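Some notes on the structure that comes next.
The values are calculated or read from the model by the stated rules, or taken from the named source; none is laboratory data. In this text the structure is predicted, and so the values were computed from the model without any measurement. For neighbour counting, all protein chains shown are included, and Cβ atoms are generated from backbone atoms with ideal geometry for every residue, glycine included.
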Amino acid sequence: MPVWSIILLIVLVLLIAAFIVLMILGRKRQKKQEEQTEEMAKTAQTLSLFIIDMKKLRMKDSGLPKVVFESTGRMAKLAKMPVLKVKAGNRVMSLICDPEVYKTLLPKQEIKAKVSGVYVLSAKYVRGPKIEGGKDANKQKKVDKFLDRLR
């Protein structure tokens with residue numbers, strides 16, 4: 001048996017082993033995430049919030065409580081996350097927002113939101129500015145502005 005075929009066989013076995021290990025770890029993480037999602041849904045409260053500001057910030061710049069920062073993993077501390085600065089009653093606070101919910105919100109908007117701890121799970125519009133037409137309308141406006149500049 002030639003040397004190159006032995007090396008190719010060893011590399012193939014290592015790749016298969018790595019794939020199996022990644023599959024097992026992925027299933028464990030997926031189960032853990034599902035459990036956390038269920039727990040967050042159980043502890044969620046409905047709050048009336050007024051959005052003061054919305055930004056994507058790193059955890060250290062977000063103004064979240066120190067306890068949240070310390071209990072977060074290393075990679076999450078480095079990643080940018082959607083953060084809402086809201087007024088709930090007479091308190092101003094910062095909340096982490098679900099990325100899908102973040103796309104549907106605008107500043108200076110009053111919403112009814114399901115909040116679990118410092119995480120916004122869902123939001124319904126109450127009053128304030130509305131997003132018109134979604135993503136496609138925004139793309140069309142950009143194209144129209146570009147074409148107007150060319151004329």
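A quick yes/no check of all residues on (1) surrounded by 10 or more Cβ atoms within 10 Å (Cβ to Cβ); (2) charged (D, E, K, R); (3) at pLDDT 90 or above; (4) farther than 17 Å from residue 116 by Cα:
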{"residue": "42", "(1), (2), (3), (4)": "no, yes, yes, no"}
{"residue": "48", "(1), (2), (3), (4)": "yes, no, yes, no"}
{"residue": "56", "(1), (2), (3), (4)": "yes, yes, yes, yes"}
{"residue": "61", "(1), (2), (3), (4)": "yes, yes, no, yes"}
{"residue": "70", "(1), (2), (3), (4)": "no, yes, no, yes"}
{"residue": "83", "(1), (2), (3), (4)": "yes, no, yes, no"}
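Hey, could you check the stretch 85-114 for residues that are farther than 18 Å from residue 55 by Cβ and touching a residue at least 60 places away in the same chain (Cβ under 8 Å) and say which is surrounded by the most Cβ atoms within 10 Å (Cβ to Cβ)?
114
Could you list all residues from the stretch 36-63 that are within 21 Å of residue 81 (Cβ to Cβ) and assigned to a helix (DSSP H, G or I)?
Answer for the stretch 36-63, where residues must be within 21 Å of residue 81 (Cβ to Cβ) and assigned to a helix (DSSP H, G or I): 36, 37, 39, 40, 41, 59, 60, 61.
What single numbered condition from (1) in a strand (DSSP E or B); (2) farther than 30 Å from residue 128 by Cα; (3) basic (Lys, Arg) fails to hold for residue 29?
(1)
Considering 76, 18, which residue is in the same structural domain as residue 122 (by TED's automatic domain parsing) and over 27 Å from residue 128 (Cα atoms)?
One residue alone meets the criteria, 76.
Is it the case, given these coordinates, that residue 108 is at pLDDT 65 or above and either among the polar types (S, T, N, Q) or assigned to a loop (DSSP other than H, G, I, E, B) (or both)?
Taking the combined requirement at face value, the residue satisfies it.
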